[in-house]
């Protein structure tokens, strides 16, 4: 499998481009890109370029270097460069649209990028799409500059030899839904480990020896996948990952993938949940692990974001598909100005980076309304549904609550 | 053992007003050895006393040098947030009194909180900080946005300013994720009426990007290097 990546950048045109400039540039770009196996798209609006390049890693990086030297633009900023599982623009050697601010809202045909969303619906809901949406909303225009140096990832930690599996305490799962409030739909369930019907995850975890945690973690995920499959899970499956697993990370990913495949759950429906704090200890290993997971098509949620020692700088090193807000941030937010301000800042940062936000632990209708007004769409909490023991409980959706 | 140490001062500039907003007092060895050199000579147990003593000396020297503006002083929050320890209140009281004796007003003092993750008792910390604030003393959170986020501190305690960690400042003009983080921090701080100081600004490109986003308080080599036992003059870009 080749190492597919996408690189999304913006830049400022050094002079106003005419129709003719574009046709010359695009003709060259398209034939070159086809021969290089590069796909992607290019937007131009009022002197600002916004481009997605996707293809084999070394080719994209080399091409980006060439692009950077091009005198027709300047102040090139790499917004995102990361591995992808598949192309968002596989049919396009270079999609292109030019628009003014006025017609941004109602463009048809090939240019219906932003409204009828033919293109936006054709591409999956990955990062490229989110950044395009952010761009549509006026982000990432012109102000940025020059070239981003990409940081090579540390070499992958050597996978430990698989240990003999000891008998472990019996455990099972409860499932709690995550809802999309704007679509009024369940998008997925989080699998929560349980010892019995009334217990909590802590009951199970307390009984596990430190040395067994890695194997437990791997088994738990496989078991959760099997469970979810038997229960007929339709949407995403959120699985918790213990930081303990970094060293044996590739192995555990593989085993999860295998199980998912066998159970008929598409890999793209699996979301790995990683506690924000767990990312602090070894950023290089985490970064490598996240890249590997993403390359395989898994999605990552950084859970409990904003808690403890874990900082915003995480988002400087890598950009997960989604983050879950720390509970303290959600609690009574409707009446807590500082939490609101912090949340608005996070919303700003995440929308600029194409990172989804899940509000977890939402307990009251007031919390829900406030967050909803700020544009949060994904929710989980007692307000919608308690975790269902060995079942997929249907959530109450906001209108039902009202 | 009484260890010799002294201070260098580095300005924080207000580029809107084109004036020096404050001088941060940076601890130095007697021959301009860096801060770490000084800190390493103290055991953890001694750090607290050192922390309190250092502020008094920094104020005294600053006043002798004719400090015309604010002075930023580092504070280990632990020094202040130990509610078992009555001396911590007294120490801050002493600091304010000494500043006044030196001819400085309490509202010229800005306490920079670093290592805020070590605050064990939030409520106590906030209470003590508010006691100082009532006297006019201001607060800043240092190294904001990198490593420890300080978001939960910010939810409970809004300082007058936060200092954007230089890790986020570095090369910001061509680092997309950093830009997004800084915009978010700006949004939060704007909403909370907290000034942002961009620390460690070294290049004109970094300065311009940050300036363009509305930041007007800056510190870094681009403006002035720390000056040993002196208040350096500022170069405005």
Averaged over its residues, how many other protein chain Cβ atoms are within 10 Å of peptide B:153-162's Cβ atoms? 3
Counting other beta carbons within 10 Å of each residue's own, what order do A:74, B:203 fall into, fewest first? A:74, B:203
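Using only alpha carbon pairs under 8 Å that are at least six residues apart, calculate the relative contact order of chain B and give it in whole percent. Numbers along the way, then the final one.
Numbers: 407 pairs, mean separation 53.2, N = 237.
Dividing the mean separation by the residue count of chain B yields 22 percent.
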Whole-percent pair-distance distribution, where bins are 5 Å wide, for the alpha carbons of segment A:172-401: 1, 7, 15, 19, 20, 18, 13, 6, 2, 0
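Taking neighbour counts of Cβ atoms within 10 Å as a proxy for exposure, in what order, fewest first, do B:132, B:69 appear?
Details: B:132 21, B:69 16.
Placing the least packed residue first, the sequence is B:69, B:132.
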Just want to confirm a number: the relative contact order over segment A:251-402, from Cα pairs under 8 angstrom separated by 6+ residues, in percent. 16 percent
Along each principal axis of its Cα atoms, how long is segment B:172-237 end to end? Whole angstroms, biggest number first, please. 36, 27, 16
Distances over 26 Å make up what percent of all Cα-Cα pairs in chain B? 36 percent
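Among B:43, B:49, A:252, rank each residue by its count of other Cβ atoms within 10 Å, from fewest to most, as a rough exposure measure. Display every interim value, and only then the final one.
On the way: B:43 8, B:49 13, A:252 25.
Ascending number of Cβ neighbours within 10 Å: B:43, B:49, A:252.
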Within 10 Å of each Cβ in B:133-146, how many Cβ atoms from other chains are there, averaged over the peptide? 1
Using a Förster radius of 60 Å, what is the FRET efficiency between residue A:202 and residue A:72 based on their Cβ-Cβ separation? Nearest 0.05, please. 0.50
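Rounded to the nearest 500, what is chain B's calculated 222 nm mean residue ellipticity when only DSSP H runs of at least 4 contribute -39500 (n - 2.57) each, over all residues? It would help to have the intermediate numbers written out before the result.
Working: 9 runs with 95 residues, N = 237.
Computed mean residue ellipticity for chain B: -12000 deg cm²/dmol.
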Modelled label-to-label distance, residue A:30 and residue B:41, 7 Å Cα→beta-carbon offset: nm? 7.2 nm
Distance in nm between label sites at residue A:231 and residue A:58, each 7 Å beyond Cα in the beta-carbon direction? 4.6 nm
Label-to-label distance, nm, for residues given as residue B:191 and residue B:233 (7 Å Cα→Cβ offset): 4.4 nm
Centre separation in Å (Cα based) which lies between segment B:150-187 and segment B:203-237: 17 Å
Distance from segment A:1-29 to segment B:4-36 (C-alpha centre basis), Å: 47 Å
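Mean separation of Cα pairs under 8 Å and 6+ residues apart, divided by the residue count of segment B:122-237: what relative contact order is that in percent? List each step's numbers first, then the result.
Values: 139 pairs, mean separation 23.3, N = 116.
Over segment B:122-237, the number comes to 20 percent.
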Between the alpha carbon centres of segment A:343-357 and segment A:36-62 the gap in Å comes to 24 Å
For segment A:1-77 (alpha-carbon point model, no solvent) the Debye-based log₁₀ I(q)/I(0) at q = 0.11, 0.12, 0.16, 0.21 Å⁻¹ works out to -0.27, -0.32, -0.57, -0.97
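Bear in mind that the values in this text are calculations on the coordinates, not laboratory data. Computed from a predicted model, the values in this text were never measured in an experiment. Using ideal geometry, Cβ is built from the backbone for each residue, glycine included, and neighbour counts are taken over all protein chains shown.
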